[in-house]
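Structure record follows, encoded as structure tokens.
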Amino acid sequence: MGDMKTGGQTIVQELAAVMERIDSGECEALCGAILAARRIFLAGAGRSGLVVRAFAMRLMHLGLAAYVCGETTTPGAAEGDLLLIVSGSGETGGLPAAAKKAKSMGCRLALITVRRQSTIGELADYIVQVPAPTPKAEHGFRSIQPMGALFEQSCLLLLDAAVMRLMERMDVDEAAMYARHANLE
């Protein structure tokens, strides 16, 4: 890797390579599903769970009803809701069970993943494939980063880009979003 600066530059190059290979149509379909949903529930484990939390915050800033699964204030899901799962493998922990339950209740299911062919992928109404190499999938090149770091970083960028697209589609500006920002910090 060399020094930290060189490593950072290589990471940026890797991110650009992954983002270039993401299907724009899949991203537009995900944004449409978010806008069509009554409420958006988000789930992910580990670092993917941290990405999900960041996206949930921005959805709230947009004025959408967004909840992170597993939080004490998260209500029950129902028909008309969307469950968005971020899982590199599409198999992580209890996420397949949550996906099955959501589908049985009439929720739509979206998945952001490395592996389209997975337990959650088979159930999903919407899939955005993030072709980042991980220990579980190659995708034509190797990352200098350990484990699923490139997938997680790519998801953060992808979902921040989704926020910008949602702002445009909803005609919401940054001032309106900032008015919903936490103020009891």
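The values are calculated or read from the model by the stated rules, or taken from the named source; none is laboratory data. Fair warning: this is a prediction, and the values are worked out from it, not measured in the lab. Glycine also receives a Cβ, built like all others from the backbone with ideal geometry; neighbour counts cover every protein chain displayed. The protein model used for the area step is the full one, side chains on, heavy atoms only, and it has no ligands, DNA or RNA in it. Shrake-Rupley method; radii C 1.70, N 1.55, O 1.52, S 1.80 Å.
For first residues located in the stretch 53-68 and free of Cβ contacts under 8 Å to residues at least 40 places away in the same chain, partners that are assigned to a loop (DSSP other than H, G, I, E, B) and crowded, with 17+ Cβ neighbours inside 10 Å and lie 6+ apart or on another chain with Cβ distances below 6 Å form the pairs Ala65/Arg39. Being under 15 Å from Ile85 (Cβ atoms), in a helix (DSSP H, G or I) and among the β-branched types (Val, Ile, Thr) narrows it down to one of Ile34, Ile11, so name that one. Result: Ile34 is the single residue among Ile34, Ile11 that is under 15 Å from Ile85 (Cβ atoms), in a helix (DSSP H, G or I) and among the β-branched types (Val, Ile, Thr). Working only within the stretch 145-185, note down all residues that are within 19 Å of the chain's Cα centre (by Cα), within 19 Å of Ala16 (Cβ to Cβ) and open to solvent by less than 60 Å² (accessible area, probe 1.4 Å). Correct list: Gly148, Ala149, Leu150, Phe151, Glu152, Gln153, Ser154, Cys155, Leu158, Leu159, Ala161, Ala162.
The single condition among (1) open to solvent by less than 70 Å² (accessible area, probe 1.4 Å); (2) of a type outside the set (Phe, Trp, Tyr); (3) closer than 26 Å to Asn183 by Cβ that Leu50 does not meet is (1).
Okay, residues lined up against (1) in contact with a strand residue (DSSP E or B) (Cβ under 9 Å, 6 or more places away or on another chain); (2) buried (at least 17 other Cβ atoms within 10 Å of the Cβ):
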residue: Gly2; (1), (2): no, no
residue: Gly7; (1), (2): no, no
residue: Ile11; (1), (2): no, yes
residue: Glu20; (1), (2): no, no
residue: Asp23; (1), (2): yes, no
residue: Arg39; (1), (2): yes, yes
residue: Ala43; (1), (2): yes, yes
